[in-house]
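What follows is one structure encoded as structure tokens, with my remarks underneath.
Nothing in this text is a laboratory measurement; each read-out follows from the coordinates by a stated rule. Given the structure is predicted, the values throughout are model-derived calculations rather than measurements. Cβ atoms come from the backbone with ideal geometry, glycine included; neighbour counts cover every protein chain shown.
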Amino acid sequence: MAYNVAIDGPAGAGKSTIAKKLAEKINFIYVDTGAMYRAIGLFILRNNISYDDVEAIKSAINDIDIKIEYKDNKQLVLLNGENVNDFIREEKVGIYASKTSKYECVRSKLLDLQKELARTNDVIMDGRDIGTTVLPDADVKIYLTASSKTRAKRRYDELVAKGVECDINVIEKDIIQRDEQDMNREISPLRQAEDAHLVDSSDMTIDEVVNYILENLIKIH
């Protein structure tokens, strides 16, 4: 029977990084649901559709085919057959993903795929509503968070390392705005599941978070 770990939390909390490292250590499949939403955001952006035009998005959703493949233990996101891993991390794509993920047509598009992956594999899946909606019966649920200042600093350092000019105050403002949007959307809002373990990574390194979860939360028999 498949063993599932659900990791939820706000943008920039380190969910993907932590989930990837955990998956490597215990030989699980890592499922980055945010990448799936980013693929849809990329399609909407490429096709010049406004992220506020829900009717146009509903019409376009049937033209979107998203598949997940794994190669050398790396998740590949295929958008209509194209590997879009190199495009979905762009800042504008992230904005489109956040704006469009509130729509029921978008969420239902991906829900079945996510559930099927978890039903047939040992997975660590991260996102905004994994423990509450996608995998409500997950063996372990974790709500990973950090202060907005910490998350902004992490994102700032990441962008600077790539040679991107940015303002840390603007980044923090965007993070707070995204939190507000994710927590107050009508469909599957971001919230901590009642049976989820709260982990605040504000004053912890990545390895400290990974080790804490492995030592205290994930119990594989």
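Label zone of residue 166 (point 7 Å out along Cα→Cβ, amide N under 20 Å): in the stretch 29-61 this covers 33-39, 41-42. With contacts taken as Cα pairs under 8 Å at a separation of at least 6 residues, the stretch 148-221 carries a relative contact order of 21 percent. Across the chain, Cα pairs under 8 Å and at least six residues apart give a relative contact order of 33 percent. For the pair the stretch 162-221 and the stretch 1-66, the centres of their Cα atoms are 15 angstrom apart. Placing pseudo-labels 7 Å out from each Cα toward the beta carbon at residue 215 and residue 176 gives an inter-label distance of 3.5 nm. Put in line by how crowded their Cβ is, counting other Cβ atoms within 10 Å and starting with the fewest, 45, 111 read 111, 45. Think of the chain as having a plus end and a minus end, set by charges on the Cβ of Lys, Arg, Asp and Glu; of 31, 144, 79, 79 sits farthest toward the positive end of this dipole. Under the shape rule built on the C-alpha gyration tensor, where the axes satisfy a ≥ b ≥ c, the stretch 66-156 is rounded, since a/c falls short of 1.5.
Helices assigned as whole DSSP H runs in the chain whose Cα atoms extend at least 18 Å along their own long axis and whose mean Kyte-Doolittle hydropathy is -1.0 or higher are found at 33-46, 104-120, 168-184.
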